[in-house]
């Protein structure tokens, strides 16, 4: 199965959003016309796609690493911000 244009565009935005927009949210809306939630849903699915890995292995590896870290932090009590006493 090949990647759709939208899937390739999602990977492209993830790779270089900072070159064209002041914020990632703005780049997602302007370049893809998606909400951030929809964007991250597509990105999570692409993290396990061999076709996505063939298209852009560095981006897919970075996304997978970030997903694993967030999952580990959520379930194993990873780094948390400490509150300063008032």
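The values are calculated or read from the model by the stated rules, or taken from the named source; none is laboratory data. What you are looking at is a predicted structure, and each value in this text was computed from that prediction instead of being measured. Virtual Cβ from ideal backbone geometry, glycine too; neighbours counted across all protein chains shown.
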For the range 12-26, how many residues meet the condition of being at pLDDT below 90 and outside any helix (DSSP H, G or I)?
2
Filter result (farther than 19 Å from residue 52 by Cβ and surrounded by 13 or more Cβ atoms within 10 Å (Cβ to Cβ)) within the range 13-25:
21, 25
Looking only at the range 37-51, and only at residues there that are surrounded by 13 or more Cβ atoms within 10 Å (Cβ to Cβ) and assigned to a helix (DSSP H, G or I), the one that is farthest from the chain's Cα centre (by Cα):
51
Check off (1) in contact with a helix residue (DSSP H, G or I) (Cβ under 7 Å, 6 or more places away or on another chain); (2) loosely packed, with under 13 Cβ neighbours inside 10 Å; (3) in a loop (DSSP other than H, G, I, E, B) for residue 34 and give me the number that stays unchecked.
(2)
Subset of the range 1-12 [exposed (fewer than 11 other Cβ atoms within 10 Å of the Cβ) and in contact (Cβ under 8 Å) with a residue 12 or more places away in the chain]:
1, 2
Only residues that are farther than 14 Å from residue 2 by Cβ, without any contact (Cβ under 8 Å) to a residue 24 or more places away in the chain and surrounded by 12 or more Cβ atoms within 10 Å (Cβ to Cβ): list them for the range 52-61, please.
61
